[in-house]
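Presented below is the structure to which this report refers.
Derivation of every value follows stated rules applied to the coordinates shown; laboratory data play no part. What you see is a predicted model; the values in this text were computed from it and never measured. Glycine gets a Cβ as well: all are built from the backbone with ideal geometry, and neighbour counts include every protein chain shown.
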Amino acid sequence: MKLSANEFINSQHKRLTLLGMSGVGKTHLAKLLSKNDDYFHYSGDYRIGAQYLNNDILDNIKSCIKQDEKLKELLENDSISVQNHITFDNLSVVASFLGKVGNPELGGLPIAEFMRRQALFNQAESNTMLDVPGFIAKSERQGVANFINDAGGSLCELDNENIYKTLAEHTIILYIRASKSNENTLIERAQTHPKPMYYQARFLQEQLAIYLAENKLTYVAQINPDAFIRWIFPRLLEHRKPKYERIAQQYGYTIDSEDLYQCRHADEVLELIAGAIS
């Protein structure tokens, strides 16, 4: 969606897709805007977990439960049940399902299972982004004029022009570019709290080969899962940056994270976006 700065400011229907790494300020921006006006807040990661991966998440939990014979019996005779209580602010079930690759004794997943879950996540994210026009229509029916698509950090990894064109047709794609300081903060967070991530299959295979060679390991099952995430995260960041840039240049606009974090009110955010458009 291409608008002039004035058209954006004066529009009664502001629709945004937020692009950038997790932790760069997407949800912060969404919350600032939502304080003053009604916005339909569409969380990509929430819909992935609540809709497209829900059955896979529950099946995985049930499989873990069935490892205990007593619990298995209770589950199979319907004495107990399993439900997904994912919320916008608690997406831990998605991260838990995505998992970490490496030594099973350290909580890692075998490479084949890890790749299977990665592929499921990729398809779920693709479907979730293609659902955006339908949810914009839903928000209009509910009388909510404005819309924010709070997309996951791996949106740039989909490499699907149809998805990017669809988002650009219905929303303003806004790339929040991390400053060097912000990048360092993200890297530090990955060191202290290594969390499951999505990786493109080819990128992951290349990095696994490098990591195994550097650490004189033979098999993926020998990898410490958290150590691998700490090692790969800076590389993932560099891998994604040109992808974000290309999407923003072709389909949207760019603001800097440092400028965003200076904003304290919705009006300041809108002015920042208008400046990027102009």
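Listing for the model above:
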{"quantity": "Length added when fully stretched, Glu188-Glu169, from 0.36 nm per residue minus Cα-Cα", "calculated": "3.2 nm"}
{"quantity": "Contour excess over end-to-end distance, with Cα ends at Lys241 and Glu268 and 0.36 nm allotted per residue", "calculated": "7.2 nm"}
{"quantity": "On Cα atoms only, tilt of 201-214 relative to the major axis of the chain in degrees", "calculated": "60 degrees"}
{"quantity": "Check: the chain dipole with +1 on Lys, Arg Cβ and -1 on Asp, Glu Cβ, in debye", "calculated": "280 debye"}
{"quantity": "Using a Förster distance of 35 Å, the FRET efficiency for Arg202-Lys180 (Cβ separation, nearest 0.05)", "calculated": "0.80"}
{"quantity": "Pairwise FRET efficiency - Met115 versus Lys2, Cβ, R0 = 35 Å, nearest 0.05", "calculated": "0.40"}
{"quantity": "Prolate/oblate/rounded label for the chain (Cα gyration tensor, a/c 1.5)", "calculated": "oblate"}
{"quantity": "Cα-Cα over 29 Å, subset of Lys2/Lys35; Lys195/Lys243; Lys31/Lys195; Lys35/Lys138; Lys31/Lys180; Lys100/Lys138", "calculated": "Lys100/Lys138"}
{"quantity": "20 °C / 1.002 mPa s Stokes-Einstein diffusion coefficient of the range 180-278, Kirkwood radius on C-alpha pairs, µm²/s", "calculated": "134 µm²/s"}
{"quantity": "GNM result for the chain, Cα springs below 10 Å: residue of Lys138, Lys72, Lys165 fluctuating most strongly", "calculated": "Lys72"}
{"quantity": "By average C-beta atoms within 10 angstrom, highest first, the peptides 171-178, 26-33, 248-255", "calculated": "171-178, 26-33, 248-255"}
{"quantity": "Candidates Asp78, Asp256, Asp150, ranked by Gaussian network fluctuation over the chain, Cα under 10 Å, top entry", "calculated": "Asp78"}
{"quantity": "Debye, to nearest 20: dipole size of the range 33-105, +1 on Lys, Arg Cβ, -1 on Asp, Glu Cβ", "calculated": "120 debye"}
{"quantity": "Computed E for Gln51/His13 - FRET, C-beta separation, R0 30 angstrom, nearest 0.05", "calculated": "0.75"}
{"quantity": "Helix 132-141 axis, angle to the chain major axis (alpha carbon atoms, nearest 10°)", "calculated": "60 degrees"}
{"quantity": "Using alpha-carbon coordinates, inclination of helix 111-130 to the longest axis of the chain, degrees", "calculated": "20 degrees"}
{"quantity": "For the chain, calculated [θ]222 nm from helices alone, where every DSSP H run of n ≥ 4 adds -39500 (n - 2.57)", "calculated": "-17500 deg cm²/dmol"}
{"quantity": "Value of relative contact order over the chain, rounded to a whole percent, pairs C-alpha under 8 Å and six or more apart", "calculated": "35 percent"}
{"quantity": "Separation of the Asn84 and Asp38 label points, Cα + 7 Å toward Cβ, nm", "calculated": "2.9 nm"}
{"quantity": "Pairwise label distance in nanometres, Leu212 with Gln249, each label 7 Å out on the Cα-Cβ vector", "calculated": "3.5 nm"}
{"quantity": "Fluctuation leader among Ser11, Ser79, Ser181 - the chain, Gaussian network, Cα springs under 10 angstrom", "calculated": "Ser79"}
